[in-house]
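What follows is a single structure, written as structure tokens, with notes after it.
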Amino acid sequence: NAGVTQTPKFQVLKTGQSMTLQCAQDMNHEYMSWYRQDPGMGLRLIHYSVGAGITDQGEVPNGYNVSRSTTEDFPLRLLSAAPSQTSVYFCASRGRENQPQHFGDGTRLSIL
Amino acid sequence: GEDVEQSLFLSVREGDSSVINCTYTDSSSTYLYWYKQEPGAGLQLLTYIFSNMDMKQDQRLTVLLNKKDKHLSLRIADTQTGDSAIYFCAESFSGYSTLTFGKGTMLLVSP
């Protein structure tokens, strides 16, 4: 019962480096999304996808890219990491409209 | 506009009831959710309520929805130390895929 799997769990980067946060789900969910969680800010939506080949921006998309080539995977790319992107990143997925979203365990990212 | 507000902190004693409150501003919300986050972990869905309901009960959890005041509450009966966590209220809208979260309420349960 894997659900939503995020890798890596922890990562430290230097400013300017690039990296991809991986997210995979095995529930055949159409909808997937990325959030970042910062102290006192709750969760803010970065990007989301309503199906393979379709992505859209959320509340805080700047500095992040996404793609959705398969239903299962929704990677999040940081092209040039900045200290302001230090955060905990959560991936989520859901099935039909308004069904609850299922969250991964998060990736804790520090940028020095 | 979309805005979900919660009080930041609640402290109770083990065995007492806890009530966590949430207000939302968008009257077109379709579903309202409660998620629990333990330290270092992801978000766990606790319960959710459709906006045409007033109340939902699930074991120790009771959700009350006051649509007139746009107020949602989560009551935890017989609160245990294992209930200590951050609780997030979230709303979604018919026809849209996204969730809007509150900033979370930290519940501390003391023995």
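The values are calculated or read from the model by the stated rules, or taken from the named source; none is laboratory data. This structure is a prediction, so every number in the text was calculated from the model and none was measured. Cβ: placed from backbone, ideal geometry, glycine included. Neighbour counts: every protein chain shown. Accessible surface areas use protein heavy atoms only, side chains included; no ligands, DNA or RNA. Shrake-Rupley method; radii C 1.70, N 1.55, O 1.52, S 1.80 Å.
From the set of residues in segment B:1-24 that are open to solvent by 80 Å² or more (accessible area, probe 1.4 Å) and farther than 21 Å from B:THR81 by Cα, which is modelled with the lowest pLDDT?
B:GLY1
Test each condition in (1) more than 18 Å from A:GLU97 (Cβ to Cβ); (2) assigned to a strand (DSSP E or B); (3) open to solvent by 20 Å² or more (accessible area, probe 1.4 Å) for A:THR15 and report the one that comes out false.
A:THR15 satisfies every listed condition except (2).
Which one is least open to solvent (accessible area, probe 1.4 Å), of the residues in segment A:45-63 that are away from chain B (no Cβ under 12 Å) and out of contact with any Lys or Arg (no Cβ under 7 Å at 6 or more places or on another chain)?
A:PRO61
Taking B:GLN80 as meeting all but one of (1) within 14 Å of chain A (Cβ to nearest Cβ); (2) under 21 Å from B:GLU14 (Cβ atoms); (3) modelled with pLDDT of 95 or more, write down the number of the exception.
All conditions pass for B:GLN80, except number (1).
Could you check segment A:66-112 and list, in sequence order, the residues that are over 12 Å from the mean Cα position of the chain (by Cα), within 14 Å of chain B (Cβ to nearest Cβ) and assigned to a loop (DSSP other than H, G, I, E, B)?
Answer for segment A:66-112, where residues must be over 12 Å from the mean Cα position of the chain (by Cα), within 14 Å of chain B (Cβ to nearest Cβ) and assigned to a loop (DSSP other than H, G, I, E, B): A:GLY95, A:ARG96, A:GLU97, A:ASN98, A:GLN99, A:PRO100, A:GLN101.
Can you find a residue in segment A:35-44 that is surrounded by 14 or more Cβ atoms within 10 Å (Cβ to Cβ), over 19 Å from B:GLN44 (Cα atoms) and at pLDDT 95 or above?
no
Does segment A:38-54 hold any residues that are in contact (Cβ under 8 Å) with a residue 12 or more places away in the chain, outside any loop (DSSP other than H, G, I, E, B) and more than 12 Å from the chain's Cα centre (by Cα), and which are they?
Scanning segment A:38-54 gives A:ASP38, A:VAL50, A:GLY51, A:ILE54.
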